[in-house]
C-alpha cells in the first residue's frame, strides 16, 4: 500500500511497484484512509510505502496505529523530511515490531525501492491454517526434547578483506507439521516459561558440533552463542561450557559467548564471576546490541569483554544520517581504545559497509553479507565465495 497525500506521487510509486512484480497495490491519501482500507482486507498488507508529512493523520500517527493493530508486516519510509526526524520514526516503528525495509528520500528512485523490497521477510500470522493456533510451553518443551529447534548460522566477515571470520548461531524451530516457526514466536515464551536454559544448552551443543567439523577441516572460524541470564547466574556454568567444548575437542577460543546489555545489569556478582571464569578458560565474551541498554560505559569498564557488537539501529542507514554516523564512529573508536573487536550487526546496504570500512570497523554481519543459513546452506555459501 502506498500512503501519500500527493496523487502523482502515489501513481509514480504504484507504477514502480507493479513494474517490479507486485501484483496488488492499494493507495491512500493519509493515515486514516489507509487504516480504514486495510481494516477491510482479509489479511495484513505485506509492505507499506508511506510519507510522513500528510494532512489529516500524519505518517507518525499512522505508523503508531500500524504497530498496535498488526495491519502490515513491513514499512518503507519515503519523505523529504530531515534525516534525524526520519531516523526517530524508523526507531519507533522497529520498537513496535515492524520490519523497516528502508528510508528513502523523495523523489524515490526505482533501484532504491527495489533494494528495499528485497529485504522483505514475509510475516506469518499465528492464526493461519498452516501454523499452530498457539505456541505453548508444552509444545516448545517437546520441541526442545525432540531437537526440532535447529541451528542457523549467520556469517561474520572481516570488513578489510571480506574473508570469513565466524558465524553467530541462531535458533530456528523446524516443526514437522507446521514448518518453520520464527524465533519471535518462541524465544520470548522460552524466557517466560523457564525453557531458555535447555534451549541455550541445545544451541551450545550444536555450536560445538559445528566447530568440531570446522576444526577437522582446518577452519579456525569462531562461533558465537547467546547466553541466557539463567546461565550467567549459575555457579558452575563456566565449567559446564568448558566440559562441553572439551568433549567435542573444540579449542575454547573458537567459542564466543554473547551477553546483552540488559542481562549484564542484573545480579552483578555471579555474572561477573562467570564472565571472568569464561575468559580465564579462553572463551571470547561479546557485549551484544551495544548502545541499546543502560550504563553501557560502566558495563564495559567492569566486564571482561573481548568483542563489542554494535546494534543494527546504529548501522543501517548510517552512511546517510550524520547522527548515526557519529554514534557508529564513536562506538568503533571506543572498541579500538579498549582493545575490543568491533562487530557491526544488521549491515544491509553497500553504503553502510563502505562507511564501516572507512571507520575501521573489524567485522560485519547482516543481510548484505548473508541471511542466517542452515549448515548445508552455509557450505553452499562458502563454496560460492571461493569460486
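Computed over every Cα-Cα pair of the range 9-66 and binned at 5 Å starting from 0, the pair-distance distribution P(r) comes out as 4, 18, 29, 24, 19, 6, 0 percent.
Work out, step by step, the length gained on full extension between residue 350 and residue 243: first 0.36 nm times the residue separation, then minus their alpha carbon distance; give nm to one decimal.
Numbers: separation 107, 0.36 × 107 = 38.52 nm, distance 4.12 nm.
Here the segment from residue 350 to residue 243 would lengthen by 34.4 nm.
What does a probe at residue 8 reach in the range 42-57, counting residues whose amide N is under 19 Å from the point 7 Å along Cα→Cβ? Output list for this probe position: 51-55. The value obtained for the chain, namely the Cα convex hull volume divided by the number of residues, is 150 Å³ per residue.
Taking the square root of 5 times each eigenvalue of the Cα gyration tensor, what semi-axes in Å does the equivalent ellipsoid of the range 2-117 have, largest first? Could the numbers behind the result be given before it?
Numbers: eigenvalues 64, 58, 40 Å².
The answer is 18, 17, 14 Å, longest axis first.
Note the per residue figure in Å³ for the convex hull of the C-alpha positions in the range 291-387.
Details: hull volume 11.3 nm³, N = 97.
Each residue corresponds to 117 Å³ of Cα convex hull volume.
For the range 128-217, count all C-alpha to C-alpha pairs, find those more than 17 Å apart, and express that count as a whole percent of the total.
Numbers: 2140 of 4005 pairs.
Summing the P(r) of the range 128-217 above 17 Å gives 53 percent of all pairs.
Here 4, 362 are placed in order of increasing Cβ neighbour count within 10 Å, fewest first, which gives 362, 4.
Cα convex hull, the range 175-271: 125 Å³ per residue, rounded to a whole number.
If you fit an axis through the alpha-carbon atoms of helix 7-19 and take the longest principal axis of the Cα set of the chain, what angle between them do you get, 0 to 90°, nearest 10? The two axes meet at around 50 degrees.
Using 7 Å Cα-to-Cβ label points, what is the residue 380/residue 191 separation (nm, one decimal)? It is 3.2 nm.
Between 0 and 90 degrees, the angle of helix 83-95 with respect to the longest Cα principal axis of the chain falls at about 70 degrees.
Rounded to the nearest 500, the helix-only mean residue ellipticity at 222 nm of the chain stands at -13000 deg cm²/dmol, with each DSSP H run of n ≥ 4 adding -39,500 (n - 2.57). Note: relative contact order over the chain, using C-alpha pairs below 8 Å and six or more positions apart, is 11 percent.
Peptides 152-159, 13-20, 325-332 ranked from most to least packed give 152-159, 325-332, 13-20, packing being the mean of other C-beta atoms within 10 angstrom over each peptide's residues.
Multiplying the residue separation of residue 41 and residue 236 by 0.36 nm and subtracting their alpha-carbon distance yields 64.8 nm. At full extension, residue 137 and residue 80 could sit 15.9 nm farther apart than now, given 0.36 nm per residue minus the alpha carbon distance.
Among 271, 149, 48, which comes first, then next, by fewest other beta-carbon atoms within 10 Å?
Values: 271 20, 149 24, 48 27.
Ordered from fewest to most neighbouring Cβ atoms within 10 Å, 271, 149, 48 come out as 271, 149, 48.
We did not get these values from a lab; they are worked out from the coordinates using the rules stated. Small disclaimer: the values here were computed from a predicted structure and weren't measured. Don't worry about glycine lacking a Cβ; one is built from the backbone with ideal geometry, like all the others, and counts go over all protein chains shown.
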